[in-house]
1. Among (1) at pLDDT 80 or above; (2) assigned to a loop (DSSP other than H, G, I, E, B); (3) out of contact with any helix residue (DSSP H, G or I) (no Cβ under 8 Å at 6 or more places or on another chain), where does residue 48 come up short?
2. Please count how many residues of segment 19-45 are out of contact with any helix residue (DSSP H, G or I) (no Cβ under 7 Å at 6 or more places or on another chain) and outside any helix (DSSP H, G or I).
């Protein structure tokens, strides 16, 4: 099987998608620390402890989720994309409705509040 080489443009812009994510994370951490110290009036020591604890929990959670996704067999669209879900609550029977879809379908549903597919739940 003849594989095509990765285009140079893809190699040069491999991490560009992470720039927006990292900026969002930095803003989140900055405003959360501001909230803890200036609004909730926590001491700097307690604020640092809270920020450290949330980072450690996020680290452990990310490792567990990464291991679980890594053990799953790849599906048609890859390992992770197949498991993006969108849900709404409640339906007529007061149950959570969940629909599995592609990342684009889930983002569209989150932005518009409407799922354009079939609900399975």
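1. In the conditions (1) at pLDDT 80 or above; (2) assigned to a loop (DSSP other than H, G, I, E, B); (3) out of contact with any helix residue (DSSP H, G or I) (no Cβ under 8 Å at 6 or more places or on another chain), residue 48 misses (2) alone.
2. Number of matching residues: 3.
The values are calculated or read from the model by the stated rules, or taken from the named source; none is laboratory data. Just so it is clear, the model here is predicted, and its values are computed rather than measured. Because the Cβ atoms are built from the backbone with ideal geometry, glycine has one as well, and the counts that use them run over all protein chains shown.
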